[in-house]
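The structure appears below as structure tokens.
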Amino acid sequence: MNSRRASDRKSPTPQGAPMATAVDGSPPKTIQFYPIEDIEACCDKPTQSATPEFNLTTYVSIKQLLIIPIMLIVGLVIIQNNKVSSLQSELTLSVASRDHLQKTYGTLITELHKYKDTHEKMKQVNNDLSSHTKNLREEYLVTQSELDKLRKTEKTKTWSEVRLSKLIQGIQDWSRRRVIEKYGKGPYRVELQLLLPTSKHPQFIKLELASLDLMPHAVSTFLEQVELKLWDGQTFDVHAGHVLLARPDPTTTNNDDSSDAAKGEVPTVMFAEYNENYPHEKYTVGFPGRPNAGQDFYINLQSNVAHHSPRFDRDTSTGEEQFIEGEPCFGKIIDAHSRLVVDEMDKLGVGKEGILEKKVVIVSARLIGR
């Protein structure tokens, strides 16, 4: 059998092989390939002195064949390493993105809680506004109702003022006609005969009354008091600093039982007649101005325009502002002698609550110059 193998095996015949390029870039060399049987035959003859031909070219070719897969493996490793590096970078970016997203998520959660709190507050504000709007509507309805009442009251007040104005105008017209019918056309003068505690002889004060065009009702009232002799025996007994007040003396009596004074029908002003063209200057006379307050009158010792004109004043008891009507000024003391008598009265001693220590008696009051 060995002889058959030896006979069958012939020297290897090289076969054509493909061209390959050397690693070091040298010109390509022909690679010789031998059949596998020839290689095995060579291996089976260890005792044979002759060895198969194995030259440097064959070694280089085998080395080249080994380098190619190594280079492929190295290339694959480099590629994989690059992929790993790329994946590592992407992982790093992903981690950074994840951290940023987590931070953003935390911020969004915080903002969401704030939004929820704000939403709850807005709901509360909305509820409060709804309640407040409801209350405002109710108040508006109440105010509208009150406004309607005020409008009706204003209309009533306007009509009342018109009626009062007509009533006052009627009283003034009636007073003007009455004075002219009884005393003729003016001017009208009244003389007061007085007994001063500082003088043994009677003193006289002459009053010139206002025009009927200015103060008809006050002039008519005073002339009627004078005609009824209501001032005979009365006194100036109050010194209030800015005025001297004359008033009925409760210690005196009137013996004429048929008079209006005895019957209690004392003429007094029906309303506070005031005219800014006849102000309360010094040496003028006026009524206190309160309807049905009695027959008192006073002499102005100074200019009392601010005190006795229409004005708003604060009530000392309630602290509320109230309207004060002007007081009627109906005459003047124009002659020098009468003014000297008033100055003498102004110097009299004053006791408690402005009461004169010694009264000035009004002997008589008469209409003169007719």
(request) May I ask you to work out the translational diffusion coefficient for region 91-154 at 25 °C, viscosity 0.890 mPa s, via Stokes-Einstein with Rh from the Kirkwood sum over Cα pairs, reported in whole µm²/s? (result) 151
(message) Give the lysines reachable from residue 200 as a straight Cα distance under 18 Å; neighbours fewer than 8 places away on the same chain don't count.
(response) 347, 358, 359
(message) Please list, ordered by chain and number, the residues whose modelled amide H lies under 5 Å from the amide H of residue 297; skip anything fewer than 5 residues away on the same chain.
(response) 246
(message) Please list, short to long, the whole-number percent of alpha-carbon pairs of region 115-261 in consecutive 5 angstrom bins beginning at zero.
(response) 2, 7, 9, 10, 10, 10, 8, 6, 5, 4, 4, 4, 4, 4, 4, 4, 3, 2, 1, 0, 0
(request) Report the accessible area of residue 359, computed with a 1.4 Å probe over the heavy atoms of all protein chains in place, in Å² rounded to the nearest 10. (result) 90
(request) Sequence neighbours fewer than 8 away in the same chain don't count; with that in mind, list the lysines whose C-alpha is under 17 Å from residue 166. (result) 155, 157
(request) Can you spot the lysines whose alpha carbon is less than 18 Å from residue 134's alpha carbon? Ignore those fewer than 8 places along the same chain. (result) 123
(request) Round to the nearest 10 and report in Å² the accessible area of residue 100, as given by a 1.4 Å probe over the protein chains' heavy atoms. (result) 120
(message) Need the C-alpha centroid separation for region 61-122 versus region 181-240, integer Å.
(response) 120
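Can you tally the net charge around residue 226? Count Lys and Arg as +1, Asp and Glu as -1, for every other residue whose Cβ sits under 11 Å from the Cβ of residue 226.
On the way: positive: 189, 229, 366; negative: 191, 224, 227, 232.
Neighbour charge sum, excluding residue 226 itself: -1.
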(request) Measure off 7 Å from each Cα along the Cα-to-Cβ vector at residue 140 and residue 97, then give the distance between these two points in nanometres to one decimal. (result) 5.7
(request) Run the quick spin-label model on residue 166 and residue 364: label points 7 Å from Cα toward the beta carbon, then report their separation in nm to one decimal. (result) 4.6
(message) Need one value: the accessible area of residue 224 in square angstrom, 1.4 angstrom probe, rounded to the nearest 10.
(response) 50
(request) Evaluate E = 1/(1 + (r/R0)^6) for residue 156 and residue 110, where r is the Cβ-Cβ distance and R0 equals 56 Å; express this FRET efficiency to the nearest 0.05. (result) 0.25
(request) Once you have the Cα-Cα distance between residue 70 and residue 189, take 0.36 nm times their residue separation minus that, and quote the gain in nm to one decimal. (result) 27.6 nm
(request) Using only the alpha carbons of region 57-191, determine the length spanned along each of the three principal axes and report them from longest to shortest in whole angstroms. (result) 173, 34, 26
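The values are calculated or read from the model by the stated rules, or taken from the named source; none is laboratory data. Predicted model only: the values in this text are computed from it and were never measured. Cβ coordinates were reconstructed from backbone atoms using ideal geometry, including for glycine residues, and neighbour counts include every protein chain displayed. For accessibility, only protein heavy atoms count, side chains too; no ligands or nucleic acids. Shrake-Rupley method; radii C 1.70, N 1.55, O 1.52, S 1.80 Å.
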